[in-house]
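For reference, the structure is listed below as structure tokens.
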Amino acid sequence: MRYAVVIEKAGGNYSAYVPDLPGCVATAATIDEVEAEIREAIRFHVDGLRTDGVIVPAPTSLAEYVEA
């Protein structure tokens with residue numbers, strides 16, 4: 001599955017979250033590191049949902065840059 005991820009600058013580091021997976025978050029010092037961390041967080045989160053017998057939400061969120 002392919003989920004949209006939001007990465008934000010947060011003080012001295014970066015944070016990431018997945019709108020379609022509430023509670024699935026990661027932080028790291030760099031963008032590359034937070035991307036790796038959120039990939040692992042998504043896998044862990046989805047595995048946990050499956051283990052608990054919870055339906056894994058389908059990806060529905062989209063992200064796009066818009067010129068203003």
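Computed from the coordinates by the stated procedures, all read-outs in this text should not be read as laboratory data. These figures come from a predicted structure and were not determined experimentally. Glycine also receives a Cβ, built like all others from the backbone with ideal geometry; neighbour counts cover every protein chain displayed.
Some points to look at:
- Checked against (1) without any contact (Cβ under 8 Å) to a residue 12 or more places away in the chain; (2) touching a Ser or Thr at 6+ places or on another chain (Cβ under 8 Å), TYR3 meets all criteria but (1).
- Candidate set from segment 32-68 (those that are of a type in the set (A, V, I, L, M, F, W, C) and in a loop (DSSP other than H, G, I, E, B)); member that is surrounded by the most Cβ atoms within 10 Å (Cβ to Cβ): VAL56
- Flag for THR27 being exposed (fewer than 10 other Cβ atoms within 10 Å of the Cβ), of a type in the set (Ser, Thr, Tyr) and in contact (Cβ under 8 Å) with a residue 12 or more places away in the chain: no
- Residue in segment 35-44 that is touching a residue at least 12 places away in the same chain (Cβ under 8 Å) and among the basic types (Lys, Arg) present: no
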